[in-house]
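Trainee: Mind having a look at this structure? Questions to follow.
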Amino acid sequence: MPRPYVLLSAAVSIDGHLDTRPGEDRLLLSNKEDFERVDSVRASVDAILVGAGTLRADNPRLLVNSAEHRASRVAAGEPEYPLKATITGTGDLDPDWKFWHHGGDKLVLAVGHEATAKARANLGDLATVQSVPAEAV
């Protein structure tokens, strides 16, 4: 079976930080051209994976913003937006986060039975919750 192609996208400050400290104003590490590049990359993938900690910290929507990119996806037989996925070890996922209410289908990979039950209870039909055995992680 062929392995999936995985692309990691992150902006890092010159001193090696991915984010600001808690309580500080968020530092934008990208410019307009980079945001456009990220949008193009998002439009080209099958899924966007983000950790639950990032959802808690940033409350992102993680969309393909360009109408042209979305139209190209649909013309190619793909859904308008890539699948949005997250991984959680606790199931502590807030149903009010933007992630659940924008874009296409959502998938939660919950590690263990307790996290799976809690994620399902918290999210209802906002996402498909799939249990992942702890030893598989």
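The values are calculated or read from the model by the stated rules, or taken from the named source; none is laboratory data. Keep in mind it's a predicted model, so treat the numbers as computed, not measured. Here the Cβ is made from the backbone with ideal geometry for all residues, glycine too, and neighbour counts use every protein chain on show.
Trainee: Give the residue that is farthest from ARG42 (Cα to Cα), with candidates limited to residues of segment 60-84 that are surrounded by fewer than 18 Cβ atoms within 10 Å (Cβ to Cβ), without any contact (Cβ under 8 Å) to a residue 40 or more places away in the chain and under 13 Å from the mean Cα position of the chain (by Cα).
Mentor: Restricting to residues being surrounded by fewer than 18 Cβ atoms within 10 Å (Cβ to Cβ), without any contact (Cβ under 8 Å) to a residue 40 or more places away in the chain and under 13 Å from the mean Cα position of the chain (by Cα), the top hit is PRO60.
Trainee: Exactly one of (1) of a type outside the set (A, V, I, L, M); (2) surrounded by fewer than 12 Cβ atoms within 10 Å (Cβ to Cβ); (3) under 16 Å from the mean Cα position of the chain (by Cα) is unmet by THR88. Its number?
Mentor: Here THR88 meets the rest and fails (2).
Trainee: Within segment 102-121, track down each residue that is over 14 Å from THR86 (Cα atoms) and part of a helix (DSSP H, G or I).
Mentor: Selection gives HIS113, GLU114, ALA117, LYS118, ALA121.
Trainee: Examine segment 34-46 for a residue that is exposed (fewer than 14 other Cβ atoms within 10 Å of the Cβ) and within 30 Å of HIS113 (Cα to Cα), and state whether such a residue exists.
Mentor: Yes, segment 34-46 contains a residue that is exposed (fewer than 14 other Cβ atoms within 10 Å of the Cβ) and within 30 Å of HIS113 (Cα to Cα).
Trainee: Go through (1) in a loop (DSSP other than H, G, I, E, B); (2) under 30 Å from SER131 (Cα atoms); (3) modelled with pLDDT under 90 one by one and return the number of the condition ALA57 breaks.
Mentor: (1)
Trainee: May I ask you to verify whether VAL6 is of a type outside the set (Gly, Ala, Ser) and either assigned to a helix (DSSP H, G or I) or surrounded by fewer than 13 Cβ atoms within 10 Å (Cβ to Cβ) (or both)?
Mentor: Details: of a type outside the set (Gly, Ala, Ser): yes; either assigned to a helix (DSSP H, G or I) or surrounded by fewer than 13 Cβ atoms within 10 Å (Cβ to Cβ) (or both): yes.
So VAL6 passes the test.
Trainee: Filter segment 24-53 down to the residues that are of a type in the set (S, T, N, Q) and free of Cβ contacts under 8 Å to residues at least 12 places away in the same chain, then identify the one that is farthest from ALA11 (Cα to Cα).
Mentor: Per the criteria, the residue is SER44.
Trainee: Out of curiosity, is SER30 farther than 29 Å from LYS118 by Cα, under 17 Å from the mean Cα position of the chain (by Cα), among the small types (Gly, Ala, Ser) and modelled with pLDDT under 95?
Mentor: no
Trainee: Specify the residue that is nearest to ARG42 (Cα to Cα); the eligible residues are those in segment 91-104 that are touching a residue at least 40 places away in the same chain (Cβ under 8 Å) and crowded, with 16+ Cβ neighbours inside 10 Å.
Mentor: GLY103
Trainee: Here is a further query. Quick check on segment 78-101: of everything there that is assigned to a loop (DSSP other than H, G, I, E, B) and of a type in the set (Ser, Thr, Tyr), which residue is nearest to LYS118 (Cα to Cα)?
Mentor: THR90
Trainee: A follow-up question, please. Going residue by residue through segment 126-134, is there one that turns out to be surrounded by fewer than 19 Cβ atoms within 10 Å (Cβ to Cβ) and under 27 Å from ALA11 (Cα atoms)?
Mentor: No: segment 126-134 contains no residue that is surrounded by fewer than 19 Cβ atoms within 10 Å (Cβ to Cβ) and under 27 Å from ALA11 (Cα atoms).
Trainee: Let me ask another. Select from segment 105-125 the residues that are buried (at least 17 other Cβ atoms within 10 Å of the Cβ) and in contact with a Lys or Arg (Cβ under 9 Å, 6 or more places away or on another chain) and write down the one among them that is farthest from ARG61 (Cα to Cα).
Mentor: Per the stated criteria, the residue is ALA110.
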